[in-house]
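Read through the structure below, which is laid out as structure tokens, and then see the notes.
The values are calculated or read from the model by the stated rules, or taken from the named source; none is laboratory data. Please read all numbers here as calculations on a predicted model, not as lab measurements. Here Cβ is always computed from backbone atoms with ideal geometry, including for glycine, and neighbour counts include all displayed protein chains. Areas reflect the complete protein model, heavy atoms only, side chains present, ligands, DNA and RNA absent. Shrake-Rupley method; radii C 1.70, N 1.55, O 1.52, S 1.80 Å.
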Amino acid sequence: MSEVLVVGSLAYDSVKTPSGKAERSLGGSANYFSVSSSLFSKVRVVGVVGSDYSDADREILKQRGVDLDGMQVVAGKTFHWEGTYEHNLNEAVTLKTELNVFADFNPELPAQYKDTRFVFLANIDPVLQLKVLSQIQKPLFVGMDSMNFWIDSKQADLIEVMKKVDIVFVNEGEAKMLTQEDNAIVAIKKVAALGPEYVVVKRGEYGSTVYSKTHGFFQCPALPVEKVVDPTGAGDSFAGGFFGYLASLRPSGQEHKPTWTELKQATLAGTVMSSQTIQDFSLKALAKVDKSSYQSLSADLVKMITV
Ligand code: AMP
């Protein structure tokens with residue numbers, strides 16, 4: 001089985017949406033990514049949690065075969081994010097970001113992680129993303145995600161990371177904010193001009209747009225969902241499905257980068273996974289997806305986009 005390494009936040013989130021609220025429930029970019037990606041590939045996690053992180057929450061990843069050797073546990077409190085969604089469910093409003101144990105986190109990769117070929121730098125301080133990437137010996141395909149918090153506070157570091165990756169995942173609003181452009185298509189091209197061959201712009205209920213400097217655009221609709229309970233983690237679940245799927249196509253020994261066709265297929269995998277995350281709070285709905293429900297949702301999506 002191929003491996004995917006992710007560095008990102010392991011968090012407790014307090015989230016309010018028009019459907020209700022969840023206090024200090026399990027979240028964080030690395031958690032959503034790992035649960036999603038582990039349906040397709042073996043996942044290695046790099047991150048830090050505090051002494052308040054529960055065994056039951058660790059078990060959610062363990063049950064999916066996720067390798068936790070790179071998860072540090074230190075005295076202090078786990079990262080906490082508080083956010084709300086109003087009528088526009090595609091955009092989270094951050095009320096509080098408490099870095100806690102992430103403030104002093106110095107990622108040291110376990111020796112056996114350093115040969116990972118598929119690497120995802122999930123939403124986290126870009127300085128930490130760079131520290132992790134510098135420890136990987138020969139990455140084959142590297143992706144990254146970010147959010148407005150880092151675009152505001154560490155834009156120069158973020159742009160440094162963008163120069164070093166193959167693919168950038170970004171929300172439509174964040175792409176516009178980063179590039180100071182109102183048109184999503186111009187924004188996507190400007191992000192690609194910073195370095196990556198590919199840029200994925202996530203547009204919530206309207207799906208996603210993938211751009212390749214070589215091949216142009218690919219648009220994928222979202223699966224129709226009637227009741228969006230909590231959109232938190234949709235982006236990370238999308239990236240998890242996308243990366244897990246791609247890695248599953250390259251057992252070790254096959255060292256060529258993903259093709260454009262494979263990237264389009266991976267977009268479908270990401271779309272399916274994110275459509276489930278949003279149907280409940282925290283990781284509850286995502287953790288229920290198994291191979292068989294995935295196959296059936298994936299067939300629905302293919303039917304939807306085939307003429
Ligand atoms: P998404 O909705 O996929 O963009 O990601 C949501 C997750 O990102 C939440 O579970 C949060 O815990 C996490 N998160 C929010 N703000 C930050 C931040 N500044 N750095 C890292 N992770 C964050």
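When the stretch 234-268 is limited to residues that are aliphatic (A, V, I, L, M) and within 16 Å of the ligand (Cβ to nearest atom), the one that is farthest from Y85 (Cα to Cα) turns out to be A239.
Looking at A247, is it under 21 Å from D157 (Cβ atoms), open to solvent by less than 50 Å² (accessible area, probe 1.4 Å), of a type outside the set (S, T, N, Q) and in a helix (DSSP H, G or I)? Considered against the rule, which asks whether it is under 21 Å from D157 (Cβ atoms), open to solvent by less than 50 Å² (accessible area, probe 1.4 Å), of a type outside the set (S, T, N, Q) and in a helix (DSSP H, G or I), A247 comes out as no.
When you check Q129 against the structure, is it open to solvent by 50 Å² or more (accessible area, probe 1.4 Å) and at pLDDT 95 or above, yes or no? So Q129 fails the test. Taking the stretch 11-64 as the range and being buried (at least 21 other Cβ atoms within 10 Å of the Cβ), charged (D, E, K, R) and under 25 Å from D115 (Cβ atoms) as the test, only R44 passes.
Taking (1) without any contact (Cβ under 8 Å) to a residue 12 or more places away in the chain; (2) not in a helix (DSSP H, G or I); (3) not charged (D, E, K, R) in turn, V229 satisfies each apart from (1).
Rundown of residues vs (1) within 11 Å of the ligand (Cβ to nearest atom); (2) small (G, A, S); (3) more than 26 Å from K164 (Cα to Cα), yes/no style:
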position: N90; (1), (2), (3): yes, no, yes
position: F102; (1), (2), (3): yes, no, no
position: L109; (1), (2), (3): no, no, no
position: Y113; (1), (2), (3): no, no, no
position: F118; (1), (2), (3): no, no, no
position: A122; (1), (2), (3): yes, yes, no
position: D125; (1), (2), (3): yes, no, no
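Taking (1) assigned to a loop (DSSP other than H, G, I, E, B); (2) without any contact (Cβ under 8 Å) to a residue 60 or more places away in the chain; (3) within 16 Å of the ligand (Cβ to nearest atom) in turn, S275 satisfies each apart from (1). For the stretch 70-87, the condition holds for no residue, the condition being that it is away from the ligand (no atom under 16 Å from the Cβ), assigned to a strand (DSSP E or B) and within 17 Å of F242 (Cβ to Cβ).
A search for C-beta distances below 6 Å between a residue of the stretch 35-47 that is among the hydroxyl-bearing types (S, T, Y) and any residue that is open to solvent by 20 Å² or more (accessible area, probe 1.4 Å) and outside any loop (DSSP other than H, G, I, E, B), counting only pairs 6+ apart in sequence or on different chains, returns S41/S248. If you take the residues in the stretch 26-55 that are closer than 19 Å to Q279 by Cβ and assigned to a strand (DSSP E or B), which one is farthest from the ligand (Cβ to nearest atom)? For the stretch 26-55, the residue satisfying everything is L26.
Only residues in the stretch 293-307 that are over 11 Å from T271 (Cβ atoms) count as the first member; pair them with residues that are open to solvent by less than 60 Å² (accessible area, probe 1.4 Å) and in a helix (DSSP H, G or I), Cβ under 7 angstrom, at least 6 apart or cross-chain, and list the lot. Sorted first by the residue in the stretch 293-307, then by its partner, the pairs are Y294/V272.
You will find that of V6, V15, the residue that is more than 9 Å from the ligand (Cβ to nearest atom) and either at pLDDT 95 or above or not in a strand (DSSP E or B) (or both) is V6 and no other.
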